[in-house]
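The values are calculated or read from the model by the stated rules, or taken from the named source; none is laboratory data. Quick caveat, the model's predicted, so the values are computed rather than measured. Here Cβ is always computed from backbone atoms with ideal geometry, including for glycine, and neighbour counts include all displayed protein chains.
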Amino acid sequence: MPRIIIIPILTLVFLFCSGSSGIPNDQIFRPVHKEVLDLIYEIDLEGVEEIFKTRKEELANSSVTMLLENYYDFLLIQLRDEYKLFKELKKSKNNRIGYIHKLEGSDPSWDLFCQAQINFQWGLSRLKLEYTSRGFWDTRLAYNQLEDLEKNDPKFSPGNMSFGLLQTIIGAAPKGKGKWMKLLGIDGDIFKGMENLQASTSKNNPFWYESEILLAYCEGYLMNQEEKGKRRLLELQKEKTSLFLDYATAVYLMKVRETQQAMVIINKRIDNCPEIINPHFHFLLGDAMLRKGLYKEAIYHLKYFLFNYKGMSLRKEANYKVSMAYYLDGNLEKADDYWVKTAQLGYTFLQSDHYAQKEFERGLYPNKTLFKARMYYDGGFYEEAKKELSEFVDKKKTTRQLAAEYYYRKGRVDQAEGKLDLALENYKKCIEHQEVDQWYFAPSAWLQSGYIYAARQESSKAKDCFAKATEYSKNPYQESIDSKAKVGTLLLQRSATVGADGH
């Protein structure tokens, strides 16, 4: 699997749905299962644990119970992110699979689905905490089981959701990674995957909730349909709110530069959520404050996260952002302390952690003006970003790297404000100043130019831009850029095919 290029919420949003079955739903999903799911939506893991302890008879003889128990463990591992806990819990996987094999009179589609989900969740946990090939094999086994399920019961909506997610993510994998997956017998198709995800959101499905969230993330992150994904999440908020959805929505809004809107959700929940997820809301609020230029507030919330969160993921990113907040606030001594911690602590499984590590290895603080402009842009504060860029007056005298970054940042703001011709001009200048492969500005400029031309239905230019974006290899964002360029190209090809067919 490629480095995780989708932010952590997709490791939290899994994976329940009902569908066609030979046994009535109320015999498969019992009232007690619904209670457990509602508690999971609120990240109330203590409440889940209490039901597991006190209502064993109601939960007995059920593959769904095994899946819910595994989901509880999965969430605990993802939220705490501690290897010791992972080691303690992983032995339960085979026990649950074995229990499902021994069930009599149960539904074969549900049994196979529950086994696949257990394998999938442990595959993700292994990839994150063990860095071993076992994570790949667990994921491959889940894929094969879901593929068999689709052949045997194509209208089974839980399988549609899970198989659709895998098809979409694998179908978007960069070319080199895609070939490697095919050698493992895993093949993706983003269009079939999205169709399966869409089908699994039917309200006839009593567990359509997760499908909607997953679909929104795939729309926004993989298909470059940010507004569509945002609308889906906000509409879902009106139908059925939960802590789970609030966190997912806040993360998504931050990703699509809607920081002010995200902060409304974060501030509502930060003092009204279980202890296990509270540090994650502080991380989000610290990131939001950094984007707003409120550096002391950013430092407080990010340090709160670092002190109260014991896991290793997000730790490099948090230390890096504390360092940057001190740096922008003029405290270089403190900035140096956290700059060093960026390298010393944490994993690089998540792309944001990987980027923080690479920034440390580069050995230089970023240009202060351009970094402020970047933060303001990432937050959706375009006027502030333009003000910072206007103060970068030494464009002709500066290094080629800083010039490339300046024109890239200017292009992003122009594009966000709908000034697309200006954006294309600035992206062209950025590309002209690119000198070495390690800079991500030129490949990103090619990618964004491709999006602009695709929206204008200038398919030939868009295709060329997407191809150019993949000609780089050494910058920390290249896997993500390659993936998005691949999806952009596939969308162009599909559009051309549909047009030729007259549909």
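Of the candidates MET375, MET324, the single residue that is within 29 Å of GLN401 (Cα to Cα) and in the same structural domain as THR399 (by TED's automatic domain parsing) is MET375.
State all residues of region 267-287 that are without any contact (Cβ under 8 Å) to a residue 40 or more places away in the chain, within 12 Å of ILE43 (Cβ to Cβ) and hydrophobic (A, V, I, L, M, F, W, C); if no residue qualifies, say none. Selection gives PHE281 alone.
Among the numbered conditions (1) closer than 16 Å to SER92 by Cβ; (2) at pLDDT below 90, the only one that ASN119 does not meet is (2).
Checked against (1) under 20 Å from the mean Cα position of the chain (by Cα); (2) among the aliphatic types (A, V, I, L, M); (3) buried (at least 19 other Cβ atoms within 10 Å of the Cβ), MET324 meets all criteria but (1). Tell me, yes or no, whether region 492-503 has at least one residue that is under 23 Å from ARG257 (Cβ atoms) and crowded, with 17+ Cβ neighbours inside 10 Å. Among the residues of region 492-503, not one is under 23 Å from ARG257 (Cβ atoms) and crowded, with 17+ Cβ neighbours inside 10 Å, which makes the answer no. Remark: pairs (first residue in region 32-56, in contact (Cβ under 8 Å) with a residue 40 or more places away in the chain; second residue among the polar types (S, T, N, Q); Cβ separation under 7 Å; 6+ apart in sequence or on different chains) = TYR41/SER242; GLU42/SER242. Counting only helices (runs of 4 or more DSSP H) that fall entirely inside region 325-417 and contain at least 2 residues that are without any contact (Cβ under 8 Å) to a residue 60 or more places away in the chain, within 30 Å of GLY311 (Cβ to Cβ) and of a type in the set (Lys, Arg), the qualifying elements are 332-344.
Taken together, the residues in region 456-474 that are closer than 23 Å to ASP437 by Cα and either loosely packed, with under 15 Cβ neighbours inside 10 Å or not hydrophobic (A, V, I, L, M, F, W, C) (or both) amount to 10. Being more than 30 Å from PHE283 (Cβ to Cβ), among the small types (Gly, Ala, Ser), out of contact with any Phe, Trp or Tyr (no Cβ under 7 Å at 6 or more places or on another chain) and without any contact (Cβ under 8 Å) to a residue 12 or more places away in the chain is a property that does not hold for SER106.
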